[in-house]
Structure formats: structure tokens, C-alpha cells
Amino acid sequence: MVYLPHWPIPSSLGNKKINYEAVFERAKIVLNRLGNPHLRMPPIIHITGTNGKGSTASLINKILNLSGYKTDLYTSPHLHHCNERILLNKNGNILPISDGDLYEIMEIVRLASEDIDLTFMEAFTIGAFVAFSRNKADLVVMEVGMGGRLDITNIVDNKIATIITPISFDHIEYLGNSIARIAFEKSMVMRKNVNMIVGPQPKEASEIINIIAKDQIVPLFNYDIDYRLQIIEDNQEFEIEFISPRLSKYKKNIILPKPNLLGEHQYINFSVAVTTIISISDKFPVHDNYIKKGIENVEWSSRIEKINNNLLKVFSNKLSEIWIDGAHNEGGAFALAKWLLSLKEMQKEKMINVVVVGFSRNKCKINFLEKFVNIADYIIAVRVDGEPYPEDSSKIVDIGRNAGIEIIEGEDLLESLNIANRIGQQNPIRILICGSLHLARDVRKFSSFLIN
């Protein structure tokens with residue numbers, strides 16, 4: 001498996017001026033040359049939002065596969081190999097697309113688009129359409145790349161359900177600098193008479209989503225209105241109550257086990273996923289046992305993931321921990337800070353909490369950093385070497401200090417671990433690494449360099 005396909009290479013397209021408003025015009029030319037594979041795909045569950053898309057998509061896919069349905073999955077970005085973006089159901093097993101098949105479909109797309117300038121996401125997604133049209137599954141669970149209205153995945157119309165996970169600020173240079181504008185962009189994945197399941201939203205986002213849904217004749221299932229979540233603390237279960245008659249006709253409520261993915265925000269993501277399953281149960285019925293089994297066994301890499309590898313050997317104290325998460329925006333930082341605070345409140349012995357952050361250029365926002373104030377004992381900024389356009393650690397430090405947040409400057413991930421180790425000679429250290437998914441890659445890359 002490879003990190004990037006042989007074509008397209010993102011850096012080779014970086015200097016081209018692309019008219020993003022014309023995404024569907026150029027895509028349709030290429031798709032038509034390929035025999036319109038997007039029209040030969042099975043029904044699609046289409047997922048947008050700012051945070052939780054991947055976790056939600058992964059659980060839906062897991063539950064449906066456990067129930068005996070053949071489902072494919074499309075997500076982005078990838079962590080180690082671009083094959084991770086296209087997961088195909090082969091004889092009941094969900095597997096990344098093979099190197100050979102990936103090479104073939106991307107070569108087909110390359111030849112069909114020789115005179116058309118496509119972005120990396122557009123070209124790769126068209127390749128995914130080819131793969132999904134060939135695999136003949138029952139359903140495709142598909143995550144948008146960015147936004148919704150002009151995302152290449154939104155060219156498909158054969159949708160059985162659409163989802164908007166919680167919205168917050170992200171990609172404002174493309175989606176707009178207000179929650180209302182971002183909500184508008186994401187709402188446009190909806191289709192007439194197709195159920196849309198909506199996670200908890202800021203008031204401005206909810207207002208826009210409801211206005212557009214009413215205009216487009218879209219049945220909405222809103223969090224806290226049509227379905228609600230209650231965490232049962234004592235026995236680590238949670239309950240989803242289906243309030244809307246359109247849902248309760250299938251099921252009044254369901255008691256579910258603690259999610260396999262950590263963090264209170266995962267209860268929300270999983271309530272959205274389960275509600276989506278219930279909303280299409282007239283066409284794809286699922287037994288409660290498979291929903292419970294899915295929640296207990298679903299995996300999604302680099303989402304509050306504890307690392308147990310050679311990197312731990314840099315620590316003097318053997319009780320020290322390393323955690324990684326791909327959070328890079330305000331909503332993700334809020335969820336991480338809340339999780340970190342819950343650990344601090346539970347711990348019996350002193351543990352030093354260190355947050356290591358790194359970003360792509362111009363992505364570091366004060367609203368992200370301030371979420372960890374009074375929760376992290378130390379914040380260390382690093383340059384992310386794996387990022388195509390990394391932010392200098394000195395700039396991250398300046399952004400924090402200009403807002404009164406004290407941040408330590410580190411050169412790279414390994415130096416940040418050594419700094420943390422010097423800080424915590426007497427106590428174990430809990431390091432949380434976030435801000436860029438590339439940092440999660442570095443955790444695994446650097447661990448292989450250390451001597452056993």
C-alpha cells in the first residue's frame with residue numbers, strides 16, 4: 001500500500017487556479033467518458049458536518065455489515081495509505097482497495113481527464129465511484145471531503161439518508177466565516193424526500209438547516225427534538241429515545257453499551273449513527289444485537305487512541321501515557337479538553353498533562369488553544385514535518401502568547417517528548433497529541449526508529 005496514488009499528486013496541482021464553483025461541470029465531463037459510474041452505485045448514506053463524520057460513518061458501516069448487508073465505505077483524509085479511503089466489502093470482509101485495483105482505476109481516471117484540470121479530491125473521488133460501481137454492494141456510506149454544496153461527493157443523487165454531524169468553524173476560507181454560512185454549505189447535501197439526521201447544532205446552524213429542509217421538502221430528524229440521548233453513568237450504558245412518530249413507529253428507545261471509542265462526544269456521534277440506521281429500517285432492518293455489537297467493536301484510528309509502542313521508552317516514568325487524536329478545529333478541541341478534564345478529575349495520583357499541538361499553515365486558531373487552558377499543565381508547539389505546508393512552531397507560540405497562553409516551543413515530535421520527560425521527572429506524564437492528523441502518522445513513524 002502507498003501513501004499517495006501514482007496519480008494525481010496534490011503538489012503538482014497546487015499552483016493551478018481551480019474554479020471550485022465549476023466542480024460538477026468538469027466532473028461530469030470525465031464521468032460521462034467513464035460511463036457515469038456514479039449513476040451505477042447502490043443507495044448512499046451521505047455524511048457531512050465538522051466533527052464526528054468519520055466515527056459516525058465507521059459505526060454505520062460496521063452495524064450494517066454485521067447485519068449481513070454488503071456495504072462499502074468512503075472517507076477522507078487517510079492516515080497511512082490512500083487505500084484507507086476506499087473500503088470495499090469482499091465476501092463479508094471490509095478491506096482497503098488493493099494496490100493493483102487502485103492503480104487501475106486511477107489510471108482510467110487519468111486518461112479520461114487528460115484535458116480537464118481536476119483537484120486531487122475530485123480525481124480520487126471519481127476513482128472511488130468507479131470502484132464502488134464495480135463492487136455491487138447493497139449500500140455505500142460516504143463522507144464528504146469538505147463542506148457539502150460543492151464537494152465532489154455531492155454529485156450523487158441516489159441517497160437513502162443524509163447526515164449533518166455537529167458543525168463548528170473549519171475551512172472558513174472555502175466555506176465562509178460564519179456558522180450560518182457553513183451550515184448552508186453543508187445543508188446542500190440534502191435531497192427531496194430523503195431523511196436527514198441532524199446532530200446537535202449551534203442555534204444559527206439549526207435555523208439554516210430547518211429553513212432549507214422545509215423549502216426542499218426534506219424530512220428532518222433533529223437531535224433533542226426527534227431523538228435524544230441519555231448517558232447512564234452507573235453501568236456505563238446509554239439510551240437513545242426516539243421521540244418523533246416517524247422513528248418511534250420502528251422503535252421507542254434502545255439501551256446501548258459504552259462506545260468502544262473514547263470521549264463523551266462519541267455518545268453523540270453514535271446516537272446520530274443509530275438514529276440513521278433506525279430511519280432506514282423499513283428498507284434495511286437491523287436487529288438490536290447487531291447495533292450493540294457494532295458499538296462495542298467499532299474502531300477508528302487516531303480518535304483518542306492510546307499508543308503502546310517504542311515511543312514510551314523515552315519516558316523515565318513507566319506509568320506515562322501517549323494519546324493521539326486528529327482534532328484540528330474548535331469543536332474537536334472542546335471535545336478533547338472535556339475528555340482530558342474527566343481523566344484529571346478521576347485520577348488518584350498526580351499526573352502531568354501535556355498537550356502537544358502542530359498545524360498546517362494558517363490553521364492554528366486561538367479558539368483551539370484556549371480550550372486547554374487550566375486543563376493542560378503544559379502546551380508544547382511543534383512543526384509537523386509530515387504536513388505539506390506546516391506551520392512553524394514559533395508562530396503557534398506567538399499566537400498563544402499574544403492571547404496570554406504560555407506555550408513551549410519544540411522543534412518536532414521527538415523533542416516535545418523529551419521536553420515533557422524533563423518536566424515530569426517525579427511524576428508520570430499524560431501526553432495528548434493533536435492539531436494535525438499528520439502528527440498521528442509521526443507517532444508511528446518515529447516509534448519505528450527507536451531501538452527496542
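No value in this document is a laboratory result; all are computed from the given coordinates. The shown structure was predicted, so the numbers you read here are calculated from the model rather than taken from an experiment. Please note: Cβ atoms are built from the backbone with ideal geometry, for glycine as well, and neighbour counts cover all protein chains shown.
How big is the dipole moment of the chain about its Cα centre under a simple scheme where the beta carbon of each Lys and Arg is +1, that of each Asp and Glu is -1, and everything else is neutral? Debye, nearest 20, please. Write down the numbers at each step before the final one.
On the way: 51 positive and 53 negative charges, 176 e Å.
The calculation lands at about 840 debye.
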- Item | DSSP-defined beta bridges in the chain - what % are antiparallel, rounded to 5 | 35 percent
- For the E233, R181 Cβ pair and Förster radius 51 Å, calculated FRET efficiency rounded to 0.05 is 0.85
- Which of I44, I29, L64, positive extreme of dipole for the range 1-103 (C-beta unit charges): I29
- Query: Taking the Cα-to-Cβ direction at K306 and at D115 and moving 7 Å from each Cα, how far apart do the two end points lie in nm?
  - Reply: 5.9 nm
- Note on the structure: To the nearest 20 debye, the range 305-447 has a Cα-centred charge dipole, built from +1 on Lys and Arg Cβ and -1 on Asp and Glu Cβ, of 380 debye
- Message: Multiplying the sequence separation of K214 and M1 by 0.36 nm and subtracting their Cα-Cα distance, what value in nm do you get?
- Response: 72.2 nm
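Could you line up E114, E305 from fewest to most neighbouring Cβ atoms inside 10 Å?
Details: E114 8, E305 19.
Sorted ascending by nearby Cβ count, the order is E114, E305.
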- Query: Can you pick out the pairs among K136/K292; K306/K350; K186/K251; K62/K90 whose Cα atoms lie more than 21 Å from each other?
  - Reply: K136/K292; K186/K251
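Given R₀ = 35 Å, FRET efficiency for E104-N367 by Cβ-Cβ distance, to 0.05?
Numbers: r = 44 Å, r/R0 = 1.25.
In this case the efficiency is close to 0.20.
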- Just going by the charge dipole of the chain, with Lys and Arg at +1 and Asp and Glu at -1 on Cβ, which of I380, N362, L79 is farthest out on the positive end? L79
- Query: Distance in nm between label sites at E21 and S394, each 7 Å beyond Cα in the beta-carbon direction?
  - Reply: 4.0 nm
- So how do I18, I433 line up by other beta-carbon neighbours within 10 Å, fewest first? I18, I433
- Task: Only helical DSSP H runs with n ≥ 4 go in: add -39500 (n - 2.57) per run for the chain, normalise by residue count and round the 222 nm mean residue ellipticity to 500 deg cm²/dmol.
- Result: -11000 deg cm²/dmol
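Working out 0.36 nm times the residue gap between R246 and E415, then minus their Cα-Cα distance, what length gain in nm do you get to one decimal? If you can, show how the numbers build up before the last one.
Working: separation 169, 0.36 × 169 = 60.84 nm, distance 5.48 nm.
Gain on extension, R246 to E415, equals 55.4 nm.
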- Message: Is there a quick way to get the dipole size of the range 105-233? I mean about its Cα centre, with the Cβ of Lys and Arg at +1 and of Asp and Glu at -1; what is the value in debye to the nearest 20?
- Response: 440 debye
- Item | Unit Cα scatterers, Debye sum, the range 180-298: log10 I(q)/I(0) for q = 0.09, 0.12, 0.19 Å⁻¹ | -0.25, -0.45, -1.05
